[in-house]
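Visitor: The structure under discussion is supplied below as C-alpha cells; questions concerning it will follow.
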Amino acid sequence: MEAISNQRVFPRFDKTSAVQCPSPTSLNSKVTHWTIVAPFIHDLEHDGQWLAPYVSGARYHFNIIPRPRPLRSWHNRASSVTNIAGWVTYLQHGKNAVQTTDGGVITVFPQLASAVGMCQQLSRRQIPVVAWLFNVGTCQSGVRRRVAQASLQHISRFVVHTRRECDMYSQWLGLPKERFVFFPYQVADIPVIYEENATQPFIAAIGSAHRDFPTLFQAVEKLKLPTVVASGSRALTGLQLPSHVQAPLDLGKQDCLRLAQEARINIVPMTTNAHITAAGQVTIVEAMRMGRVVIASRCNGAEDYIIHGETGLLVEPGSTQALVRAIEMLWDDPQLRNKIGHNAKNYAAQHFSDEAAGAALQSVLDDVGLMT
C-alpha cells in the first residue's frame with residue numbers, strides 16, 4: 001500500500017474565538033507535529049480541518065491525511081461490524097499516517113486507533129498516538145477483545161466521551177486507567193433555520209445505536225402523540241409501528257436536523273446493559289446546540305451531558321411510565337420548553353463546542369508531551 005501524497009499541512013494560527021489553554025511551563029518551546037487521520041475526512045477541500053484550528057498558540061503544527069475512500073454512512077450499512085474491505089481501508093489509512101508523520105498521530109474512531117497501533121508495532125516506530133472519540137459501542141469478548149488488546153497496547157491516550165468508559169476500557173483492554181481521559185463530545189455550531197411546528201406538533205426520535213424504541217412506542221401510543229423516528233432499518237427490524245408513528249428511511253443529515261428543529265420534543269430512548277459503553281451523545285449534543293429540549297434515558301453516559309431539569313430531562317431506562325410523565329410535563333408548557341432549551345443551548349456552547357474541544361485536545365497533547 002502506497003502512502004498518500006496529497007496531504008496538506010496547516011500552519012498554526014490563532015482564532016479569536018478559541019479557548020486559551022496555556023501549556024505547562026515544563027514543556028520546551030519546540031513545535032510538535034501531529035498527523036490527523038479521521039475517517040470522515042476524504043476531501044481536504046470540503047471536509048474541513050477538524051479541531052486543528054481550535055488548538056490555540058504556536059506550539060503545535062498539524063497535517064491531515066485524507067481517507068483513501070469515502071466512509072459509507074453508518075445508517076446505510078447492512079451490518080454494524082466493519083467488514084474486510086473496510087479494515088483494508090483503515091489499515092491503509094493508518095499505514096500512511098505512521099509512515100509520513102514527523103511526530104505523533106491523532107486518530108478519530110477506534111478502528112483507526114487499532115489500525116495505527118498495528119502499523120506502529122509492525123514498523124517498530126515508537127510514536128505517540130492519541131485516540132480521539134474512542135467508542136467501541138460494546139465491549140466484546142473473545143477474538144475481538146484479544147485483537148483490541150494487542151493492537152492498542154501502545155496508544156498514549158484514549159479520549160472518551162463518557163466518564164464510565166474510562167473504567168470500562170481500562171478493564172477491557174488491561175491498560176492503566178491513567179491512559180483514558182473524558183472530554184465531552186463536540187459539535188460545531190448548527191444554524192437554526194426552522195421553527196417548532198406549532199400547527200402540527202410532533203415528537204422526534206433520531207438515531208440508531210442502542211435505541212429503546214419499544215418503550216418509546218408504548219409511551220406515545222398511550223398519549224396518542226404524533227412521532228417521527230429517524231433511524232436505520234436495523235434498529236427498527238421486527239417492530240410494529242403504532243398508528244401515530246412515522247419512520248421514514250434514508251433520511252440525510254440535513255433532514256434529521258430539520259426534524260430536530262421542528263419537533264416539539266426530542267427524545268433519545270436507550271437500552272442499557274453491562275456491555276454498552278456509550279450511546280446517544282451525538283443526538284443529545286446536536287439537539288442542545290440547537291436549543292431544543294431533550295428527554296433521554298438515564299444511561300450510557302447521557303447523565304454526563306444533561307443536567308436533569310435544567311438542560312433537559314433524564315428518565316429511567318425502560319420505564320414507559322417515567323417517559324410518559326416527562327412528555328406530559330413538557331408537551332403543553334411552552335415556557336418550560338423554551339427555558340430548558342435556552343439553558344441547553346448556552347450550556348452546550350460552553351462545553352460541547354469546537355472551541356471547547358480544541359482546548360481539550362491541546363491539554364491532551366500537552367500531557368502526552370510530558371511523557372515523551
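A short reminder: the numbers here are calculations on the coordinates, not readings from a lab. Values in this document were obtained by computation on a predicted structure and should not be read as measured data. Neighbour counts run over all protein chains shown; Cβ positions are idealised from the backbone, glycine included.
Visitor: Rounded, prolate or oblate for the range 203-351? Axes are the square roots of the Cα gyration tensor eigenvalues, ordered a ≥ b ≥ c, and the cut-off for rounded is a/c under 1.5.
Guide: Rounded, since a/c falls under 1.5.
Visitor: Further, regarding this structure: Can you tell which of Pro201, Ala113, His308 lies farthest toward the positive end of the dipole of the chain, using +1 and -1 charges on the Cβ of basic and acidic side chains (Lys, Arg; Asp, Glu)?
Guide: Of Pro201, Ala113, His308, it is Ala113.
Visitor: Would you work out if the range 274-372 is rounded, prolate or oblate? Take a ≥ b ≥ c from the square roots of the eigenvalues of the alpha-carbon gyration tensor; rounded if a/c is under 1.5, else prolate when a/b is larger than b/c, oblate otherwise.
Guide: oblate
Visitor: For the peptides 249-256, 125-132, what is the packing order when you average, over each peptide's residues, the other Cβ atoms within 10 Å and list the highest mean first?
Guide: On the way: 249-256: 13.0, 125-132: 20.2.
Answer by packing, highest mean first, reads 125-132, 249-256.
Visitor: Follow-up. Which entry in (i) 30, 22, 20; (ii) 37, 23, 19; (iii) 31, 28, 20 is this structure's computed semi-axes √(5λ) of the Cα gyration tensor in Å?
Guide: (ii)
Visitor: Only bridges with both residues in the chain count here: give the DSSP antiparallel percent, nearest 5.
Guide: 15 percent
Visitor: Now for a separate question. Are there any GluC sites (Glu not before Pro) in the range 265-372 that are in a DSSP loop and have at most 16 other Cβ atoms within 10 Å? List them by number.
Guide: Sites meeting the loop and neighbour criteria: Glu310.
Visitor: Near His244, within a Cβ-to-Cβ distance under 13 Å, what is the net charge of the other residues, with Lys and Arg +1 and Asp and Glu -1?
Guide: Within the 13 Å Cβ shell, the charges total +1.
Visitor: Mind putting a number on the dipole of the chain about its Cα centre? Charges go on the C-beta only, +1 for Lys and Arg and -1 for Asp and Glu, and I need it in Debye to the nearest 20. Walk me through the numbers on the way to the answer.
Guide: Values: 34 positive and 29 negative charges, 202 e Å.
So the magnitude is around 980 debye.
Visitor: Tell me the angle of helix 213-223 to the major Cα principal axis of the chain, expressed in degrees between 0 and 90 and rounded to the nearest ten.
Guide: 30 degrees
Visitor: Which of the peptides 221-229, 104-112 is most tightly packed, and how do the rest follow, going by the mean number of other Cβ atoms within 10 Å of each residue?
Guide: 104-112, 221-229
Visitor: GNM on the chain, C-alpha springs below 10 Å: top fluctuator among Thr162, Thr82, Thr138?
Guide: Ranking Thr162, Thr82, Thr138 by mean-square fluctuation puts Thr82 first.
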